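Report on the structure given below.
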Amino acid sequence: MEPMRVDRAPRSPEQAGVLYLDHAATTPLDPAVRAAMLAWLGERFGNPSSVHRYGRLARAAVDAARDRVAAAAGCASREVIFTSGGTEADNLALRGVLERWGPERGRHLVVSAVEHEAVLTTARELAEAGAAALTVVDCDRCGRIDPAAVAAAVRPDTVLVSVMLANNEVGTVQDVPALAAAVHARSPRTLVHTDAVQALGKLPLGLEALGVDLLSLSAHKAYGPQGVGALVARHGVFPSAQMTGGGQERGRRSGTENVAGIAGFGVAAELAERRREADARRLSALAGRLTNLLTETVTGIQPTGDPSARLPGLASFVVPGCRSDLLLAVLDELGVCASAGSACSSGAPTPSHVLEAMGFGELGGCALRLGLGRSTTEADIEAAAERVGQAAERVHEAGAPAAGRLRPRW
Ligand code: PLP
């Protein structure tokens, strides 16, 4: 009989010489995060709602993580509601506020045109179902939202305004404090939510500092695990639970807690905040260098987003004549993991609503996003610039394939 073949474990992308430049889609687990989680995937277990010692240990782990997330998010521990990630946090903010405050304050929502789908699609679905009226505020060519335009969209029946802190596709950072102040000046009862999923570990957070009432976070954008996040809701805001059952999370989000994930999120959040300033400085410099190299060497390439208010480490472009799906396929062949804009669940190329809102038209189909991270070095930047140049050349040489024949040969 043939001896059983045991395949070697796949090498990590770094070991294989692959440049992972998609940290805006997800980040690898920090070893300290992994260690914190492993305890809860091994000898430790227990339902945090159980009264016995196993339960009490699990509860203590969740409480410790809540304190850590609160410290990183600039809020009180009781204001943290753990969720299954950023998408659920955004849904809880919009749906929960509408349900809780809509009957009393009105059912009008204001969101920006550059929101993540978790906000934009949710708001549109609520409007289509007749549960809310919706105003979508446009952005400028850099993806900036004018605080005055947001305030002007607020009506007496506006219950919630949602504008993200940092955009996941083009990295534009909004002036959320100015925006929240303008909204509250016009209508003190209107609540303000910001999706800060991309900002954890990159930008200072804080309900007070930002002037917001609700803020969404996700662990896996900051070296924590996928499938866990939080909605921070200022004390007294009480969004209605969208997941009902056993009354966990003080009735705000039922379901037995993901203890391993939450413990990992706690450590990731603490690390993210501790490293924030140094990481942000280093990543901004590297992304600037990459942007300069690419604009000098790749024909026609245009940086996107706001050059003066950018998410550290996110470099985004349009490459005229290079369809995103083709460019990404060639880049993958050349050992560069990049993306077009947002991570797309279907893998199918879809035009970016963000670039469309920014007025890029057809060019929106030629987006390239390079998300740098803690492991990215200066040598990686040089190598990435060279490979992006090669990939763009190959796509240009191949010309645009006929529709329906989209699979590249390289
Ligand atoms: N909001 C923003 C700005 C994001 O970038 C993402 C993830 O891509 C999400 C929300 C959704 O977060 P999650 O993947 O944890 O559901």
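Which percent of the accessible heavy-atom area of the chain goes to carbon and sulfur, probe 1.4 angstrom?
Answer for the chain is 52 percent, counting heavy atoms of protein chains only.
With every protein chain kept in the model, how would you rank R394, R253, R369 by accessible area, 1.4 Å probe, largest at the top?
Correct descending sequence by accessible area is R394, R253, R369.
Show me the ranking of peptides 243-251, 183-191, 198-206, 74-82 by mean Cβ neighbours inside 10 Å, starting with the highest.
198-206, 74-82, 183-191, 243-251
Which value, in Å³ per residue, describes the convex hull spanned by the Cα atoms of the chain?
Cα convex hull per residue, to the nearest whole number: 173 Å³.
Quick check: Cα centre of the stretch 246-307 to Cα centre of the stretch 99-159, how many Å?
If we compute the Cα centre of each part, the gap is 25 Å.
Once you wrap a convex hull around the alpha carbon atoms of the stretch 64-141, what is its projected area averaged over all directions, in nm²?
6.6 nm²
Given a Förster distance of 60 Å, report the FRET efficiency between F45 and C142 from their Cβ-Cβ distance, rounded to the nearest 0.05.
My answer for the efficiency is 0.75.
Compute the accessible area per residue over the chain, keeping the other protein chains in place, probe 1.4 Å, unit Å².
44 Å²
Order of 277-290, 112-125 by packing, highest average Cβ count within 10 Å first?
Per-residue Cβ counts within 10 Å, averaged per peptide and sorted highest first, yield 112-125, 277-290.
Just the C-alpha atoms of the stretch 183-252: what Rg/Rh do they give, with Rh taken as the Kirkwood radius?
1.01
Work through the residues other than Q174 whose Cβ is under 11 Å from its Cβ and net out their charges, Lys, Arg +1 and Asp, Glu -1.
Every neighbour counted, the sum reads -4.
Dipole size in debye (nearest 20) for the chain around its Cα centre, Lys and Arg Cβ +1, Asp and Glu Cβ -1?
That gives a dipole near 1000 debye.
So how compact is the stretch 113-252: Cα radius of gyration and Dmax in angstrom?
15.0, 47
If I stretch the segment between D157 and R124 completely, what's the gain in nm (0.36 nm per residue apart, minus their alpha carbon distance), one decimal?
10.1 nm
Compute the distance from the alpha-carbon center of the stretch 18-63 to that of the stretch 355-403, in whole Å.
If you average the Cα positions of each part, the centres end up 35 Å apart.
The values are calculated or read from the model by the stated rules, or taken from the named source; none is laboratory data. Note that the structure is a prediction, hence the values are computed from the model and not measured. Using ideal geometry, Cβ is built from the backbone for each residue, glycine included, and neighbour counts are taken over all protein chains shown. In case anyone asks, the SASA skips ligands and DNA or RNA and just uses the protein heavy atoms, side chains included. Shrake-Rupley method; radii C 1.70, N 1.55, O 1.52, S 1.80 Å.
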